[in-house]
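Enquirer: Below are the C-alpha cells for one structure; questions will follow.
The values are calculated or read from the model by the stated rules, or taken from the named source; none is laboratory data. Note that this is a predicted model, so its numbers are computed, not measured. Cβ: placed from backbone, ideal geometry, glycine included. Neighbour counts: every protein chain shown. These accessible areas exclude ligands, DNA and RNA; they are computed on the full protein's heavy atoms, side chains included. Shrake-Rupley method; radii C 1.70, N 1.55, O 1.52, S 1.80 Å.
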Amino acid sequence: MEFFDNYKKLFGATFLLFLGLTLLVAILPALHNQKNNAPLPNAEVLSDDAAKGKAVFIANGCVACHTQQVRNVDMDKTWGSRPSIAADYAGIHRTDIWRNTATLMGTERTGPDLTNIGTRQPSLEWNLVHLYNPRIVVKESIMPAYPWMFTIKAEPAQGDVVVNVPEEFLKGKAGKVVATRQALQLVAYLQSLKQTPLPDGRPVPEFLYKREVKQTAAAGGEVQGLDGAALYATNCQSCHQANGEGLKGAFPSLKDSKIVLDDDPQTMVDIIMNGYSGREKEGFPPMPAVGTDNNLSAEEIAAIMNHEKTSWGNNAKQVTAEQIKEIIDAVKVKAN
C-alpha cells in the first residue's frame, strides 16, 4: 500500500507504463511498416494541384464522412477492384511536424468510399456541379454544399472554368458560376484517387465474398435475378439522373436517345465499355468507361440497358446477356 500512497512513485510508474505501451503499440509498429512497405512501382505522384487539393480536402473535414479504404468484405466490392493493401498508403506522409494525414483512410462512410473515385467519377464537370450543390446531381444527397468555392461573374474571363448550375439552384443570383482555384485543386485531388494496379506477376488479393452471377437467360430479353433500376442508380444515375433526362449542357438525356432506342445495341455497349468523347462538340463532357471501370458483368450491363430501354417512355427492343457478352468481346478487341 505504501506504493499507492506515494504519488511520485505512482505517477512515475503510470508514466513509464504509458511510455512503454506507446512504444510497443504505436511507435515500433509504425517504424516496422515504414521500413517494410513502399509505394507500388506504378503509383503516380500527386501533381502540385492535387497536393494542394489534398490540403483543401483535409481542411474542409471531408475525411469525417468519406473513407479511402477497401476492406475485404462483401459490401466494399463496388469501391475498388481489390482490397486495399499497405503499399496503397505508403506514399502518404505527414503534412508537417504537427499534422499527420494517416486519417485520410477515414472511419465512417456517411458518403461513399473515395479509394477509386478518380476512376468511378473522373468528370471535371460532374465533380464541380456536385461540389457546388450535391442535390443537383444526387437528389437524396445529405452532403453539404460548398458554394464559397465558387464565384458569380457577369462576364467570365478567358480561362475561367464555368460550372453549369441549373437556374433553380442559383437562388436568384444573376451571372455565371465560376470555379475558384481552390475548387479546381480539390477536384484534381479527387481525380487522382485511383486504385493502383498491382505489378504484373504479383497475385491480386481476392475478396472473401465472391460476386454471384445469377441466371439471366429469359424469354423476350428480360434479365432475371438482377435489378436494372438499382444497377442504373449505382452506376449511371449520378449523371443521367433518376428521370433519365440528364442535365442540360452537362450530361445527355437517355430519354428518347437515338443510341438507347437503337435496335442494334453495339454502339450502346461500346460506349458503356470504352467511354465516349464524341459529344464534346455538343457541349457534353466525355463519358468514362463505366462498364470497364466498375467491372460490370454482361448480365449487369444487360440489366442496365433494358432498364434504360424501357423507362421514361422509352420502348425499345430489349437485350439478352448472351447477346451483350458477344458484343463486349467484340468491342474489347476494337478498343485494343
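Enquirer: Where in segment 108-153 are there GluC sites (Glu not before Pro) that are in a DSSP coil and have at most 11 other Cβ atoms within 10 angstrom of their Cβ?
Expert: Listed in order of number, the matching sites are 108, 140.
Enquirer: Taking the simple approach of a point 7 Å from Cα along Cα-to-Cβ for both residue 55 and residue 170, what is their distance in nm?
Expert: Taking the simple label geometry, residue 55 and residue 170 are separated by 3.3 nm.
Enquirer: Which pairs, out of 54/173; 139/258; 153/248; 176/248; 255/317; 52/248, put more than 24 Å between their alpha-carbon atoms?
Expert: Listed pairs above 24 Å: 54/173; 139/258; 52/248.
Enquirer: For segment 56-87 and segment 166-199, write down the distance between their C-alpha centroids in whole Å.
Expert: 20 Å
Enquirer: Could you tell me the accessible area of residue 2 in Å² (1.4 Å probe, neighbours in place), rounded to the nearest ten?
Expert: Its heavy atoms expose roughly 140 Å² to the probe.
Enquirer: First check a/c for segment 114-174, with a ≥ b ≥ c the square roots of the eigenvalues of its C-alpha gyration tensor; if it is under 1.5, answer rounded, and if not, answer prolate when a/b is larger than b/c or oblate otherwise.
Expert: In terms of gyration-tensor shape, oblate.
Enquirer: Which percent of the accessible heavy-atom area of the chain goes to carbon and sulfur, probe 1.4 angstrom?
Expert: Ligands and nucleic acids excluded, carbon and sulfur give 56 percent.
Enquirer: Compute the acute angle (0 to 90°) between the alpha-carbon long axis of helix 321-335 and the principal axis of greatest extent of the alpha-carbon atoms of the chain; round to the nearest 10°.
Expert: The helix 321-335 is inclined about 80 degrees to the chain.
Enquirer: Could I ask something else about it? Of the listed values [x] 18.8; [y] 22.6; [z] 24.3, identify the label whose number matches mean projected area of the Cα convex hull in nm² calculated from this model.
Expert: Entry [z].
Enquirer: Given Cα pairs under 8 Å that are at least 6 residues apart, what percent is the relative contact order of the chain?
Expert: Contact order relative to length: 16 percent.
Enquirer: With every protein chain present, what is the per residue accessible area of the chain (1.4 Å probe, Å²)?
Expert: Heavy-atom SASA per residue in the chain reads 59 Å².
Enquirer: Tell me which trypsin sites (Lys or Arg not before Pro) from segment 110-145 have a DSSP coil assignment and no more than 11 other beta carbons within 10 Å of their own.
Expert: Loop-located and lightly packed - 139.
Enquirer: Also, quick follow-up: What do you get for the angle between helix 181-192 and the principal long axis of the chain? Use alpha-carbon atoms, 0 to 90 degrees, nearest ten.
Expert: 90 degrees
Enquirer: Then there's this: Is the shape of segment 1-55 best called rounded, prolate or oblate, per the rule: a/c under 1.5 gives rounded, else a/b larger than b/c gives prolate, else oblate, with a ≥ b ≥ c the square roots of the Cα gyration tensor eigenvalues?
Expert: oblate
Enquirer: Helix 298-309 versus the longest principal axis of the chain: what is the Cα-based angle in degrees, 0 to 90, to the nearest 10?
Expert: 60 degrees
Enquirer: Decide, for segment 25-64, between rounded, prolate and oblate: order the square roots of the alpha carbon gyration tensor eigenvalues as a ≥ b ≥ c, take rounded if a/c falls under 1.5, and otherwise choose prolate if a/b is larger than b/c, else oblate.
Expert: In terms of gyration-tensor shape, oblate.
Enquirer: Based on the Cβ-Cβ distance of residue 180 and residue 234, what FRET efficiency does E = 1/(1 + (r/R0)^6) give at R0 = 35 Å, to the nearest 0.05?
Expert: The value I calculate is 0.70.
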